Structure formats: C-alpha cells, structure tokens
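First the structure, in the form of structure tokens, and then the observations on it.
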Amino acid sequence: MFQVRFHGRGGQGVVTAAEMLSVAAFLDGRFAQAFPSFGSERTGAPVVSYCRIADGEIRTRAPVESPDALVVQDATLLHQVDLFSGVGSDAYVLVNTSHTFEELGIAELAGRFRADRVLTVPATEIALRLLGRPLPNAVLLGGFAAMTGAVRVDAVVAAIRERFAGQVAEGNAEGARAAASVVEKERSGRAATD
Amino acid sequence: MLRQIEGSRAVAEAVGLCRPEVVCAYPISPQTHIIEAIGVLVKSGRLTPCKFVNVESEFAAMSVSIGASAMGARAYTATASQGLLYMTEAVYNAAGLGLPIVMTVANRAIGAPINIWNDHSDAMSVRDAGWVQLFAETNQDAVDLHIQAFRLAEELSLPVMVCMDGFVLTHAFERVELPEQADVDAFLPPFEPRQVLDPDEPVSIGAMVGPEAFTEVRYLAHARQLQALARIPELATEFAATFGRGSGGLVSTYRTEGADTVVVALGSVLGTLKDAADALWDAGVPIGVVGVTTFRPFPAEAVAGAIRGARRVVVVEKAFSIGAHGILAGDVTLALSGLDVGVYAVVAGLGGRPISEGSLRSLLEEASRGSLPALTFLDLDTQLVARELERTVAHRRSGPTAENLLRDIGTSRRVAGPAAST
C-alpha cells in the first residue's frame, strides 16, 4: 500500500488533490481511497488530506500516520506545522515553491531524505501562467506522478479531465504535464551531481 | 458501473435509482453533499417524476416526508446530528404512524460543545423511536443498504434509517459498483402503500389513542420490528442473487472461527478492526470481528450465534450512555445472557477522534490477556482530564470545561495530525 498525505491551506484544493489522485489510481486499475482530514476547511487554514493506493481492497479508515509521500502545496506551512510527522527517510517529498530548500531555510531537513525523492515544483507559478489562478493542486499531481511512479502522468491528466471541464481542465492538464517535466529535469540534474 | 466516487455522490445515485417521488431535506454537515447531488438529479431531469422540496428546518423536512408518504409517495430525506435532534418529534411520528420513509443519517456527534465530526450519538439518540437502523461499513455497503431499505420499509410499512459515518464515509472517494436501473427496478417494485390519504376514500391517520389501545399499537410496532428481523436476511439473500454481491443482513463475521476474543462494532470502524485482527492473528493472538449491520431491530440471536465459542467480547462503539455504559455493549450483554462470556465496552472515535490500528491492536492485546476493564475510553488523554478536575477542585468559578481544555492543549499540539484544522 502506498500512502500519501497532502498539506495545504483551505482554498488550494487540498482535498480535491487527494480525490483526483485516487481517481487517477482507479483509472490505472488500482484500488484507492481518498479522504479529508477530519477538520473544518476555512480559507487559509491548514488543511490535510490523504490518499491510499493499493492492489487490493483498502479497509482501514484511519488517517495516514506514516506516509510514503508528502505533498506540500503551501511552503509557508513548513515553519508553522509539523508536516514531517511520521515521514520516514525513504519517503517522497514534493514541495510547491519556486525557491530552493536553502532559500526556504529547510536545507538540513531536506538533506534527511534521498536526493531524488525530495523535490520542488513551482506549481503556483505554472498555474498562474496556464490558468490565471494560483491553484497548485492539479499541477502538483503531475509532478507527483513523475516523481513517485505511483500513478501514470496520463492517468493524472485523465483524472483532471474527469473533474474539470473546458479551459480549467486543459490548463490544469497542461500544468500537470509541465510539472512532470520539471520533476524529470530536476531528478536527472540530481542524478548527474550525485 | 464501477466508479471511483465520493460516498455522498454514490448514495445520491443509489437513492435516485430507487425512484423516490418526494425528497425533502435540509442541509447539514456532513450530509450536505448527498442532498446537493440529489437536488442536481432532480433539477437536471435525470430523476423524474420527483419533487424536491426546500424547507426551513429538519422538523419541516421530516414533516413533509410524513405528509408525502401518507399521500402514497415514496419519500426520502437525510440529516445528521443536531438536524436529527431537531426533527426528533417527527421521527417518532413517522414510526408511530408506520410510514415507510427512508432516511440517511450521516453520523455526526451532538453538541455541546459543537462538533461537526463523526460519532454515533445522533443515531443512538433515536434508537428507541421505532425505526429500523442499518449501519454501513463501506460506501458500497451504503449504496446497497439504501436499495434494501426502500424495499424493507415499504413491505413492512415502517421507516428505515441508513446510518453511514459522517466524513469517514460520506467524504471518502473509493470504488463503488453503482447498480443498473433495471436491476433496481426488478428488486424494488413500485410503492403500494398500506394506508393512504385519499379524498375519495377518506381516512384519518394519527388520531388520538387512549389507554384502551396504546399498548396494543406499540406492541404491533414491536411485532413489525420482529418481522423485519426475519425479513432482513431474506432480502439480503435476494439482493445478492440480483446484484451479485453480498450486503445487508443482520450481522457480518470475520475470522471468528477459533477466536478467543471477538470484537463487535457498527459502521466504518469495522474495516480498521479487520486490519488489526489480521495483524493480531499473525502475531498469534486470535481475534474475530462481528459487524452489527442491523442495530434496530436488535438481532440478539444472530449476535449470540456469531460470538459462539469466544470467551470474551469487546464492543467498540462511537457513543455511550453518559453515566451508565456502552449502548451496543448493553444490547450485546443481553444477547449473551446465560453464557459464560465477558463483555467489555470500549468508547472510541467520539467527535471524530481518529481510531488508529495501533490503538486497536494494543486494546485487543490487552483484552486477550484478560486485563481490560469493563469500560474503556480509547486514547483518553488522562492528563488533560486531571488538569480540569484539579481546576474544579481549586476554584469555584473554574469556567467552561471545553474552553479550558482547548486552552490547555494550545494551538501547537497535533497540528500535523488529523486535528490540524479544527
């Protein structure tokens, strides 16, 4: 079972991200379960959501305590919330930011993870360019798929098209593919320097 | 059709397939997505003929459902928590009148303090009202139970409540097989009311009944519940034959064979319990799991049968009778009376407190060692409790309890956990 925890703020589509990931996994033929943290969503408040992906029925209803992957939709949470609770050193970490980990002041923390598994994607910038709105959730899923291989990028795009229509669907789909390329480039860069 | 879909949407689709003629509901978290989606079905013309009636309260929602049902319409509503309390008088009326209304309860805690998250105190508050109460373990279960609920309600002319855990199920995306309309139509014939308000053949429904017949009216309601007890397993068998999968019935069992300790529960926590049981079997601790699908009428015989052979029973429940004991545990104790089986009540998951597999495993290990007290509050923060008790001893004006506890916890604790955004 592959378990993902999403962190963001109310209004950034944190819950929708987990739901779309579960749809992508379903389209890949897997079993998936997505659900919000049991918290009230208010615009700007920290929000958590979860997604589990497996080859068989998922029975547990407990929140994800030890995620295999962490998606951080809002980097300002890094210094406010204990995002890394239960996250092992082999986990994948994807942060939405246009800064480096040094600039964010978490270089030491990022250094605890495998270099090819702790990456950044400027998802808000990509979303602003393609959608005209700072909604990073669907864009990040493209990066997530490229980084983890837990779902195909094509499945993420299909899940986006199932959720949204028209320009919003196309902008998000393009953004997801753009994020996937960013991740691929970043990883090959890391691999070259390792 | 197999879909990856939100529980609320899946239930709305299932209700739509049952062709209700009147839907009247008032939105309340975590039920809102269900009735929004049914509203869309009606407005888009996919569910027709159906009248979606907007009202100003849950009391009105149940009252309109009563009126619609008495006029011979298939009636549906949904609510949760305070909404269920607000309609309570009409909830009793629906049962007392024997009107086959189907209602979803998206289980949520009851205030004060206000809490929008899941537990079973809402459903438990009306357990004696005379409704059949079915509890869904998964969203597939929720879909399948609604289809059986309409059939059962209309056959026996009594209302049926389908309980599904708020947020845990209503807001979870998972795969659900949505039935075909033709199969639902084959399983659920058009509504043929036992009593109907018809100007051409006037009758009154709900007139005053004095001591001369009130006991008999209530006894017949009880007898009808006992009829339901016999009918529910038959409908589950018929459902399986029509739809190709099992759902419903009185109780479900998992790995009870050879289990010294059996854990009994309602609703979605059964999934986590099964995972915990598997892990414990692997560790040499045999634990069986019994799910009570039908809570009212209470299937005492089926529960006793499912537990046969176990030495002790742990009842994990998301509600309790304050000042007394576990509610389901009380029913289970009665079902096992005369047998040499210890029954232990465990209150868990109140107000959305997550129930982790780790906590369940520790609990069940303790139970299997025979060292569980009669009543346990899972993951109770005893320090937090002690601090408030000290305050009440030290100061007469110790202030409001809930706010005191929140102040003690502060805003920094558990921010990354499930309580992140409360």
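Read-outs: derived from the displayed coordinates by stated rules, not from any lab. Everything numeric in this text was worked out from a predicted model, so none of it was measured. Glycine also receives a Cβ, built like all others from the backbone with ideal geometry; neighbour counts cover every protein chain displayed.
Neighbour counts of other Cβ atoms within 10 Å put B:Met208, A:Met20 in the fewest-to-most order B:Met208, A:Met20.
A Gaussian network model of chain B, with springs between Cα atoms under 10 Å, assigns the largest mean-square fluctuation among B:Asp185, B:Asp408, B:Asp141 to B:Asp408. Considering all projection directions equally, how large on average is the shadow of the alpha-carbon convex hull of region B:251-377, in square nanometres? Average projection, Cα convex hull of region B:251-377: 7.0 nm². Note on the protein assembly as shown: with charges restricted to the Cβ of Lys and Arg (+1) and Asp and Glu (-1), its dipole about the Cα centre is near 940 debye.
I want the antiparallel fraction of DSSP beta bridges within region A:2-193, as a percent rounded to 5. Of the beta bridges lying entirely in region A:2-193, close to 50 percent run antiparallel.
Taking the charge dipole of the protein assembly as shown about its Cα centre, with +1 at Lys and Arg Cβ atoms and -1 at Asp and Glu Cβ atoms, the residue from B:Val341, B:Ser204, B:Thr382 reaching farthest to the positive side is B:Thr382. By DSSP, the beta bridges lying fully in region B:208-296 are antiparallel in about 45 percent of cases. The alpha-carbon of B:Lys318 sits under 27 angstrom from the alpha-carbons of these lysines, leaving out residues fewer than 8 places away in its chain: B:Lys274.
In terms of other Cβ atoms within 10 Å, B:Phe243, B:Phe377, B:Phe214 run from fewest to most in the order B:Phe214, B:Phe377, B:Phe243.
Subtracting the Cα-Cα distance of B:Asp278 and B:Leu226 from their residue separation scaled by 0.36 nm leaves 15.3 nm.
When only the Cβ of Lys, Arg, Asp and Glu is charged (+1, +1, -1, -1), the dipole of chain A relative to its Cα centre reaches about 280 debye.
By the rule of a C-alpha distance below 26 Å, with chain neighbours fewer than 8 residues away ignored, the lysines paired with B:Lys43 are B:Lys51. Across region B:2-243, the fraction of Cα-Cα pairs farther apart than 28 Å, rounded to a whole number, is 26%. Sorting A:Met1, B:Met103 from the fewest to the most surrounding beta carbons within 10 angstrom yields A:Met1, B:Met103. For the options B:Asp260, B:Asp200, B:Asp128, a Gaussian network treatment of chain B with springs between C-alpha atoms closer than 10 Å singles out B:Asp200 as fluctuating the most. Mean partner shielding of peptide B:349-356, defined as the number of other chain Cβ atoms within 10 Å of each residue Cβ, is 3.
A straight chain from B:Asn54 to B:Tyr92 at 0.36 nm per residue would run longer than the Cα-Cα distance by 11.5 nm. Restricting the calculation to Cα atoms, every distinct pair contributes to the Kirkwood radius of chain A, found to be 16.3 Å. Between A:Thr76 and A:Thr100, the contour length at 0.36 nm per residue exceeds the alpha carbon distance by 7.3 nm.
Would you work out if region B:1-41 is rounded, prolate or oblate? Take a ≥ b ≥ c from the square roots of the eigenvalues of the alpha-carbon gyration tensor; rounded if a/c is under 1.5, else prolate when a/b is larger than b/c, oblate otherwise. Oblate shape, in that a/c is at least 1.5 and b/c is the bigger or equal ratio.
Take each residue in A:60-71, count the other chain C-beta atoms within 10 Å of its C-beta, and the mean is 5.
Considering only Cα atoms, the convex hull volume of the protein assembly as shown works out to 180 Å³ per residue.
Between B:Gln133, B:Phe239, B:Trp117, whose Cα lies farthest towards the positive end of the dipole of region B:2-243 when Lys and Arg beta carbons carry +1 and Asp and Glu beta carbons carry -1, centred on the Cα centre? Checked the options; the winner is B:Trp117.
Annotation for B:Leu375 and A:Ala107: the two label points, set 7 Å from Cα along the Cα-Cβ direction, are 5.8 nm apart. Inter-label distance, B:Met71 to B:Ala182: 3.4 nm, where each label sits 7 Å from its Cα along the C-beta direction.
Compactness ratio for chain B: Cα radius of gyration over 2.2 N^0.38 Å (N = residue count) comes to 1.00. Inter-chain neighbour count for B:390-399: the average number of beta-carbon atoms from partner chains within 10 Å of each residue's beta-carbon is 0. Judged by the gyration tensor of its Cα atoms, with axes a ≥ b ≥ c, region B:87-196 is oblate; a/c meets the 1.5 cut and b/c is at least as large as a/b.
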